[in-house]
1. Over the chain, what is the mean sequence separation of C-alpha contacts under 8 Å (at least six apart), divided by residue count, expressed as relative contact order in percent?
2. Taking the Cα-to-Cβ direction at A158 and at C140 and moving 7 Å from each Cα, how far apart do the two end points lie in nm?
3. For the chain, find the longest principal axis of its Cα atoms and tell me its angle to the long axis of helix 94-110, 0 to 90°, nearest 10.
4. Quick check: the angle from helix 67-78's long axis to the longest principal axis of the chain, C-alpha only, nearest 10 degrees?
5. Find which of H137, C120, Y85 sits farthest along the positive direction of the dipole of the chain, computed with +1 on the beta-carbon of Lys and Arg, -1 on that of Asp and Glu, about the Cα centre.
6. With viscosity set to 1.306 mPa s at 10 °C, what whole-number translational diffusion coefficient in µm²/s follows for the chain from Stokes-Einstein and a Kirkwood radius over Cα pairs?
7. Residues with beta-carbon under 10 Å from that of E99, excluding E99: net charge, scoring Lys, Arg +1 and Asp, Glu -1?
8. Just how large is the dipole of the chain about the Cα centre, in debye to the nearest 20, putting +1 at every Lys and Arg Cβ and -1 at every Asp and Glu Cβ?
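Bear in mind that the values in this text are calculations on the coordinates, not laboratory data. Since this is a predicted model, take the numbers as computed values, not measurements. All Cβ positions, glycine included, derive from the backbone under ideal geometry; neighbour counts span all protein chains shown.
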Amino acid sequence: MFPTSYACTCCGERFRLAQRAAYYCFDFDGGPIDGPLPLARIFPVPVRPAWCKDCAEVCLVEDIAPVRAFENAFGAVRAGRAVEYPLETDQRDPEEAREDVAAYLRWRLTRRHPARALCCGRTNFQFLDVAQPLLKHAECDFGVIEPRYTIGSFNGSAPGTRSPANFPVHDGEGVLFGLLTWLHRDSGTWDFVPAAYPPFSED
Ligand SMILES: [Zn+2]
Ligand SMILES: [Zn+2]
């Protein structure tokens with residue numbers, strides 16, 4: 001489970017994760033998408049919490065394990081076992097789990113760009129889920145940024161049914177190209193709107 005937020009131990013400034021989920025559309029080729037995105041074309045992005053030094057905020061970073069981890073996961077689901085990475089399969093139909101893990105493996109074999117911070121698509125970050133992150137808060141002499149946990153009561157309806165979910169959706173190289181807005185369970189599709197990383201300013 002991810003921390004609810006992070007806070008500086010010295011000044012108490014809090015940093016919230018702006019997003020909790022993101023998706024890949026591995027076969028997105030940059031062309032216009034004709035109509036809504038079928039659920040079968042999108043896959044959860046495995047993520048780790050990190051500090052983005054460019055955006056100066058807590059963010060999600062793609063968690064891209066070595067090819068070996070994907071091959072092992074594929075071997076496991078083929079043998080009928082559940083895996084947690086690259087996606088959790090214990091609630092899934094075994095056939096579906098095999099197809100999904102195979103899709104991640106195919107993607108991993110062609111992925112070239114290193115893991116991106118999903119706030120801006122850049123790579124100037126430091127992971128926060130390590131034993132001793134000791135990330136110094138830039139404004140403070142002695143402060144380090146630590147996780148904070150809150151037991152939340154999530155009692156809303158499923159994302160994308162009463163209000164737009166706005167889950168980011170990325171291509172296979174991690175480039176943001178849209179936001180998933182409304183989920184249509186009957187047709188198994190997501191509506192989406194085009195989106196892109198914010199332009200980077202050097203100041
Ligand atoms: Zn501080
Ligand atoms: Zn960033």
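1. On the way: 348 pairs, mean separation 54.9, N = 203.
Computed value for the chain: 27 percent relative contact order.
2. Calculated label separation equals 4.1 nm.
3. Compared with the principal axis, the helix lies near 60 degrees.
4. Value to nearest ten degrees: 50.
5. Positive-most Cα among the choices belongs to Y85.
6. On the way: Rh = 18.5 Å.
Diffusion coefficient, whole number: 86 µm²/s.
7. Working: positive: R92, R98; negative: D93, E95, E96, D100.
Every neighbour counted, the sum reads -2.
8. Working: 21 positive and 27 negative charges, 62 e Å.
So the dipole magnitude of the chain works out to roughly 300 debye.
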